[in-house]
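Here's the structure we're looking at; comments come further down.
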Protein chains: 2
Amino acid sequence: MMFSKSCEYALKAVIHLCIKAKGESRLNISEISRAIDSPEPFTAKILQTLSRHGIISSIKGPGGGFYIDKKAAPIRVIEIIDLIDGKHAFDRCGLGLKDCNEDRPCPIHKEFKSYSVQLKHLLETKTIQEFAKEISRGNAFLINT
Amino acid sequence: MMFSKSCEYALKAVIHLCIKAKGESRLNISEISRAIDSPEPFTAKILQTLSRHGIISSIKGPGGGFYIDKKAAPIRVIEIIDLIDGKHAFDRCGLGLKDCNEDRPCPIHKEFKSYSVQLKHLLETKTIQEFAKEISRGNAFLINT
DNA sequence: CATATTTAAGACAACCAAGTCCGAAATAGC
DNA sequence: GCTATTTCGGACTTGGTTGTCTTAAATATG
């Protein structure tokens, strides 16, 4: 697994919010977890974290729920990964060395580096909104049939 | 983390054996775990698994230990990963979907696929012996300073 | 203001990977 | 054959991630 379960749910949830709750409309926890096929209370925890850090917004009380602020900038995929899984979650040494670098590389360093550089660039430039658009168009999906 | 701790230790251990215990000479558990900086009893478990599946060889008793059969074919990196972490450990869906494919992709499927294909090819063609050579030449390392 | 609805927060439980321990089996050397 | 050494195998412990539950806080509505 590239990312933790928490991170997978976070990515799916924010993508779904971008489609269904941009601006005025809101979605509550049960609607979200149903849409992305995730355990409801666990999803609640993750949504709270995302909200606490300002990646998504929330409103308590009747008619409340979670939503994406219309005026907010597009959300880069890397922001969610850094928040949930920690920085450099995906570009650590393949053999687990703490200090693996060009000067003192592990044997698979060079090969892995070329991938993680590409991957990092992808995650830093791609936005959740772009993914949401693919879903809206029916070109991609968040759950299995 | 790309691979499990078990898999990291397995890769390091087999690389080390390729350097120090090819043919007649053997290394025991404490020598190996010291060389690759891993917990001794946990490393023992992993070496047993590798031995049971014929990736490395072992001899019990005084002067015994683990070694790489000189006559055995070079060990492809993928063999160790498949054994320890299970098949397709590294090319599962980035969002955790069970059935994610071209026909019904998750939004990050296409981008991830292009990496996992490259990575898979690398792991299927690179051998432990090649990595061992890099270590022997002083161009790569298995532990931090 | 009372009530229903919804998120917030923290404690708790279940699960799995990581790591330990111990007795059994094999074997080399005396 | 006895002893020391070493791997083998299984049971056990620990720690972190995943997932649940319960109570509190906020707020919309009548």
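The values are calculated or read from the model by the stated rules, or taken from the named source; none is laboratory data. Note that the structure is predicted; figures quoted are calculated from it, not measured. With ideal geometry, Cβ positions are generated from the backbone for all residues, glycine too; neighbour counts draw on all protein chains shown.
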In segment A:5-23, anything outside any helix (DSSP H, G or I), under 10 Å from A:PHE66 (Cα atoms) and either within 14 Å of DNA strand D (Cβ to nearest atom) or not charged (D, E, K, R) (or both) is listed as A:ALA21
Under 7 Å between Cβ atoms, at least 6 apart or on separate chains: pull out the pairs that start in segment A:23-35 with a residue that is away from every other protein chain (no Cβ under 14 Å) and more than 15 Å from A:GLN48 (Cβ to Cβ) and end on any residue that is modelled with pLDDT under 95 and more than 13 Å from DNA strand D (Cβ to nearest atom). A:GLY23/A:LYS70
Looking only at residues in segment A:48-61 that are within 6 Å of DNA strand C (Cβ to nearest atom) and not basic (Lys, Arg), which one is farthest from A:GLY86 (Cα to Cα)? A:GLY61
Pull up segment A:57-66, narrow it to residues that are part of a strand (DSSP E or B) and within 13 Å of DNA strand D (Cβ to nearest atom), then point me to the one that is farthest from A:ILE46 (Cα to Cα). A:ILE59
Scan segment A:40-53 and report the pairs whose first residue is free of Cβ contacts under 8 Å to residues at least 12 places away in the same chain and whose second residue is within 9 Å of DNA strand C (Cβ to nearest atom), with Cβ atoms within less than 7 Å and a gap of 6+ or a chain change. A:GLU40/A:ILE29; A:GLU40/A:SER30
Which members of segment A:91-145 meet the condition of being in a loop (DSSP other than H, G, I, E, B), of a type in the set (A, V, I, L, M, F, W, C) and over 21 Å from B:ILE80 (Cβ atoms)? A:ALA140, A:PHE141, A:LEU142, A:ILE143
With B:SER57, B:SER116, B:SER136 as the choices, which residue is hydroxyl-bearing (Ser, Thr, Tyr) and more than 13 Å from chain A (Cβ to nearest Cβ)? B:SER57
If I ask for residues that are surrounded by fewer than 23 Cβ atoms within 10 Å (Cβ to Cβ) and more than 13 Å from chain B (Cβ to nearest Cβ), which ones from segment A:1-22 would you list? A:LYS20, A:ALA21, A:LYS22
